[in-house]
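Working notes, beginning with the structure itself.
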Amino acid sequence: MRALTIAREFLTTRSLIYAPKQFSQQLQQQRHQPKATEETYVPFSQLQQQRKLLESELITILDGCNDLHQIKQVHAQILYNGLNQCCYVLTKLIRMLAKFNVPMETYPRLVFDQVRYRNPFLWTALIRGYLLQGSLRDSIVLYGSMRKEGIDPVSFTFSALFKACSEVLDVSLGRQIHAQTILVGGFTSDLYVGNTLIDMYVKCGCLGCGRKVFDEMPEKDVISWTELIAGYAKGGDMESAAALFDGLPLKDMVAWTAMVTGYAQNAMPGKAIQYFERMQNAGIETDDVTLVGVISACAQLGAVKYANWVCHTAERSGFINNVVVGSALIDMYSKCGIVEDAYRVFERMKERNVYSYSSMIVGFAMHGQGHAALKLFHEMVETDIRPNRVTFVGVLTACSHMGLVEQGRQLFASMEKCYGVAPAADHYACMVDLLGRAGRLEESLELAQTMPVDPHAGVWGALLGACHIHGNPDIAQIAASHLFELEPDGIGNYIVLSNIYALAGRWDDVSRVRKLMKRKGLKKNPGYSWVEGKNGVIHEFVANDLTHSKSSEIRQVLEDILDRLKAHGYQPNLSCVPRDVSDEEKERILMTHSEKLALAFAMLTTSVGCTIRIMKNVRICEDCHVFMCGASQIIEREIVVRDNMRFHHFRDGKCSCGNFW
DNA sequence: CTAGGGTTAG
């Protein structure tokens, strides 16, 4: 008891003596209340705490400012609260002013000059601001005056400068400061400085330099490792990333995630999922960022089983409410062929952004639901979310698939005028595609030849594809000649051109293209079809592949469907075989196309009534398209086929693509 | 103060 009383007395005395001026008024009031009880009395430690709270509150508000006006208001509050000498808050103020591109020489400089005792952080904020605004000389002069005033640079000075360099991607400037660091003495051995330095080199694409800093650092932490791992992953070098990861003594969640997303970004979805499972087995937690990596991997795999698994994981963890996770899920379900589930995710999202809308619009377009895509676009522009270039690629392809030429034209014209999105080559490709598919090949060609942006392979490819649909070998030749220049090794272009010639019966030209391919050493990549069998096992089929264990049953099923289809008036489309062989042989070849084998296999192995999903790596041929339409009616099942990147939903004898593909 | 994230075309 006695000890407690003494302690209380001590505290009371101290607080009266050491109270700062700003609070004298408050303390005066306390002095004139000699009978202050414990409830009305505010000790100094608490005042200090209040001040700290106020400071951090102001910093949070500053952080959330969206424009200069808001910042100015907070500045007024800072002055009102007597914090015009508080380096901590003013540092944040200057950083925000720099972020909103207020010229350093004006407002921020004024704030800085009014502070009497400036700490290195305040200096750094100003120097960094000048750097970000491209005034290298001013920032160096300032650095000099800072040293003259006897302020030693802290490690933060350098890490802030490196961060500024990585933000403006100026690696030569970064190198100069790196040299400075070494001159001043040993700051690169500081963990923070070293890490920011690595990050700068990595972000600027100088992986070698980053590695050198890493190797020379006397002390590294998991952040140093992860920066480099992510750098290798971004550069597409997963082998180096994996080698580094293996040597990492303490692997945390972020490091694991870097590997998962690295594999996902480099088109190795299987590896990504494998790492995710290893990560879970190691007892590492996962968060929203990890999930996004796995979801993107599942989208690439296109396997429904994995898609549902990862969606449940997201639901269980609660991260399903994260916008990025939601948008990734939309994309995944679209790419797995279940656009309904994609829309379900979209509907349930609490927050949406341009990615969510674009992914959903692209998803609808991919599945031939062009009207749904356009409707969603119109809903989107009613919100304050602005469409971007990807959104327009989505709506334009939607128009193209529905044959909505006029609507597409209007949207294209509105891009820049109403939404400030300048049409890029991609958008011209969409327009060339739109006109070409609609049969307006001359207009399409003219657009490709006169467009103000340099046409890329996508533009000529769209035209070539349109020539294939409408059988125009002359315009095809023009498109192909551009493509052969832009993509000399693009095997698909040679094949499409030769198919167009075959369709027109120009067999001499066909063999000319074939010889060209041979001379270039290009080989046709075979068309595959995949079906997810029981327990999520993926079965692969190639045309004319009779090695499958159920081959004879598959043939039996196909013959059965063929007979019933023929009874309904189906005729095999022999022009789909671009070879100069007999009609019987053509008919036989048609029946061994991989998607037909896959269909028969799926009928043998899946239960009646459930949707059959087939994934392909090349475009579905016209005969298979008609065949699938008929088959969906005869077997009374929905058949979903993904060719290259588009989905066909065959139901009751009709396809969702409306024969526009 | 430092590390890992999503949408696009033939």
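Tabulated data for the structure shown
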item: Hits in the range A:233-251 - residues which are aliphatic (A, V, I, L, M) and part of a helix (DSSP H, G or I); result: A:A233, A:M238, A:A241, A:A242, A:A243, A:L244
item: Criterion (free of Cβ contacts under 8 Å to residues at least 40 places away in the same chain and of a type outside the set (S, T, Y)) met by exactly one of A:M591, A:M615, A:M645; result: A:M591
item: Qualifying positions in the range A:369-419 - of a type in the set (K, R) and more than 11 Å from DNA strand B (Cβ to nearest atom); result: A:K375, A:R386, A:R409, A:K417
item: Candidates A:D433, A:D331, A:D426 - the one that is more than 23 Å from A:S444 (Cα to Cα) and modelled with pLDDT of 95 or more; result: A:D331
item: Flag for A:G403 being at pLDDT below 95, closer than 22 Å to A:L463 by Cβ and touching a Lys or Arg at 6+ places or on another chain (Cβ under 9 Å); result: yes
item: Within the range A:190-207, considering residues that are more than 8 Å from DNA strand B (Cβ to nearest atom) and more than 25 Å from the chain's Cα centre (by Cα), the one nearest to A:G235 (Cα to Cα); result: A:L197
item: Single unsatisfied condition, A:E446 versus (1) touching a helix residue (DSSP H, G or I) at 6+ places or on another chain (Cβ under 7 Å); (2) surrounded by fewer than 16 Cβ atoms within 10 Å (Cβ to Cβ); result: (1)
item: Candidate set: the range A:466-477, residues that are more than 35 Å from the chain's Cα centre (by Cα) and touching a residue at least 24 places away in the same chain (Cβ under 8 Å); chosen: the one farthest from A:E622 (Cα to Cα); result: A:I475
item: Pairs, first within 13 Å of DNA strand B (Cβ to nearest atom) in the range A:293-310, second in a helix (DSSP H, G or I) and of a type in the set (K, R), C-beta under 6 Å, six or more apart; result: A:A299/A:K335; A:G302/A:K335
item: Long-range neighbours under 9 Å by Cβ, at least six apart or interchain, first residue under 12 Å from A:Y494 (Cβ atoms) within the range A:519-538, second charged (D, E, K, R) and part of a loop (DSSP other than H, G, I, E, B); result: A:K520/A:D489; A:L522/A:D489
item: Residues located in the range A:62-104, provided they are polar (S, T, N, Q) and in a helix (DSSP H, G or I); result: A:Q70, A:Q73, A:Q77, A:T91
item: Looking only at the range A:438-464, and only at residues there that are among the β-branched types (V, I, T) and within 14 Å of DNA strand B (Cβ to nearest atom), the one that is farthest from A:I478 (Cα to Cα); result: A:V453
item: Odd one out for A:L191 among (1) surrounded by 19 or more Cβ atoms within 10 Å (Cβ to Cβ); (2) touching a Ser or Thr at 6+ places or on another chain (Cβ under 9 Å); result: (1)
item: A:V510 being in contact (Cβ under 8 Å) with a residue 24 or more places away in the chain and near DNA strand B (Cβ under 10 Å from one of its atoms); result: no
item: Qualifying residue in the range A:421-437 (condition: of a type in the set (K, R) and within 11 Å of DNA strand B (Cβ to nearest atom)); result: yes
item: Number of the exception - A:T286 against (1) outside any helix (DSSP H, G or I); (2) surrounded by fewer than 18 Cβ atoms within 10 Å (Cβ to Cβ); (3) within 12 Å of DNA strand B (Cβ to nearest atom); result: (2)
item: Subset of the range A:240-283 that is under 18 Å from A:A230 (Cβ atoms) and of a type in the set (S, T, N, Q) - its residue that is farthest from DNA strand B (Cβ to nearest atom); result: A:S240
item: Tally of residues being more than 8 Å from DNA strand B (Cβ to nearest atom), closer than 20 Å to A:T290 by Cα and either part of a loop (DSSP other than H, G, I, E, B) or of a type in the set (F, W, Y) (or both) across the range A:208-232; result: 1
item: Candidates A:S145, A:S172, A:S159, A:S166, filtered to the one that is of a type in the set (S, T, Y), within 22 Å of A:P108 (Cβ to Cβ) and away from DNA strand B (no atom under 16 Å from the Cβ); result: A:S145
item: All positions within the range A:346-401 that are assigned to a helix (DSSP H, G or I), touching a Phe, Trp or Tyr at 6+ places or on another chain (Cβ under 7 Å) and hydrophobic (A, V, I, L, M, F, W, C); result: A:M360, A:I361, A:M366, A:A372, A:A373, A:L376, A:M380, A:V395, A:L396, A:A398
item: Selected residue (criterion: modelled with the highest pLDDT) from residues of the range A:106-159 that are outside any helix (DSSP H, G or I) and in contact with a Phe, Trp or Tyr (Cβ under 8 Å, 6 or more places away or on another chain); result: A:R118
item: Within the range A:312-329, considering residues that are in a helix (DSSP H, G or I) and near DNA strand B (Cβ under 8 Å from one of its atoms), the one farthest from A:M366 (Cα to Cα); result: A:F319
item: Filtered residues of the range A:480-496 (kept if free of Cβ contacts under 8 Å to residues at least 24 places away in the same chain and hydrophobic (A, V, I, L, M, F, W, C)); result: A:A480, A:F484
item: Criterion violated by A:G471 - all others in (1) surrounded by fewer than 16 Cβ atoms within 10 Å (Cβ to Cβ); (2) within 13 Å of DNA strand B (Cβ to nearest atom) satisfied; result: (2)
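Let's see how each residue does on (1) surrounded by fewer than 21 Cβ atoms within 10 Å (Cβ to Cβ); (2) on the phi > 0 side of the Ramachandran plot:
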position: A:I223; (1), (2): yes, no
position: A:A233; (1), (2): no, no
position: A:G236; (1), (2): yes, yes
position: A:G247; (1), (2): yes, no
position: A:K251; (1), (2): yes, no
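The values are calculated or read from the model by the stated rules, or taken from the named source; none is laboratory data. Note that the structure is a prediction, hence the values are computed from the model and not measured. Every residue, glycine as well, gets a Cβ built from its backbone with ideal geometry; the counts of neighbours run over all protein chains shown.
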